[in-house]
Structures are given as structure tokens and as C-alpha cells.
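No lab work stands behind these numbers, since they all come straight from the coordinates. In this text, all values refer to a predicted model and were calculated from it rather than measured experimentally. Backbone-built Cβ (ideal geometry, glycine too); neighbour counts: all protein chains shown.
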Amino acid sequence: MKTLIICFSYHHRNTEKIASVFAKTLEAQVKAPTEVDPNELFDFDLMGFGSGISFGNHYKDMLNFADKLPKMTNKKVFIFSTSGQANNGPKFHKKLREALESKGCKIVGEFNCAGFDTYGALKIFGGIQKGHPDEDDLKQAEAFALSLKQPSKAILGGSEKE
């Protein structure tokens, strides 16, 4: 299964850590949105789209990239994120999910975990979710990636669904 992971991670590199686990498990390459030619996406069987969360949504760079994608009928994709508030993936992923589905993509799984967050006023207090993603988060990311290899299973927000 030829897989590409598109990840925008810059603040604390939280999401990049998760993308690295996915890449190793799925034998995939990881690229930033600026490194991807949308026409090359047709060459992949599975694609992951992920970034940190800002004000309840994926970073604008990721959302803008998704809006510019060509139509791709039934292209299998997964969505992932890290955030100061863990386990809110379905809520946080709404805009990206809608953008990808509008391009004809089929969402086969979603993953969200805690990430160290020092945005805005949180910096004054030393941030939240210090030390995340941690070993448990990385193990959950690996389990999620393994589930993507099993077509009958997908993980949504860290819980397995059949």
C-alpha cells in the first residue's frame, strides 16, 4: 500500500512525532503541504492529513492545502492531530474532514492525542499537556496505523470501531 503523510507541524513538533510513527508503521513518506504537488496524490493508495490544532481547527496551512486539492473519487485518507485538549478529534477535525470529503475522499480513520501547548496566555503558565505526546500516545499512534492496514477496522478519536 503506497502511503503519503502530509503533516504541518511547527510549534513544538508534536504532530511531527505522531507522523513519524505513522510513517514507520505504514512505510510511508512524510511531506509538508508546501512539498506536495497535488497531481502526485493520485499515485497513493492511502494518505494522511495532519497538523496541530489552533482555535479548534487544524492549522490554516493544512486547511488551505485541502481546499486546493483536486477531485479524487474514493481516495482513502485519514486525519490526525495533536492538541492541548486531547480526545476532541471528531470536533477538531470537522473542517478538514468536510474539505476532504468535498474532494471525494473517503475518511478511513481519525486520530487525536495530547500535545504540549504553550499558545498565547498558556505560555505564561508554562503550557498544558507538558511531555505529550508521550510513550502511551506514540503506542496509540502505532496501533492506529496498524488498524489502517486492516480494511475492516478504523480508529476514531482513539477508540476502535468495526
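For segment 46-69, the residues whose backbone nitrogen is under 15 Å from a point 7 Å from the Cα of Lys2, taken along Cα to Cβ, are 46-48. If the chain linking Ser102 and Asp67 were pulled fully straight, counting 0.36 nm for each residue of separation and taking away their Cα-Cα distance, it would gain 11.7 nm.
First measure r as the distance between the Cβ atoms of Asp45 and Gln85, then evaluate 1/(1 + (r/R0)^6) with R0 = 25 Å and state the FRET efficiency to the nearest 0.05. All intermediate terms of the calculation are to be shown ahead of the outcome.
Values: r = 32 Å, r/R0 = 1.28.
The formula returns an efficiency of 0.20 here.
Spread over its residues, the convex hull of the C-alpha atoms of segment 2-107 is 88 Å³ per residue. Normalised by residue number, the volume inside the convex hull of the Cα atoms of segment 61-113 is 61 Å³ per residue.
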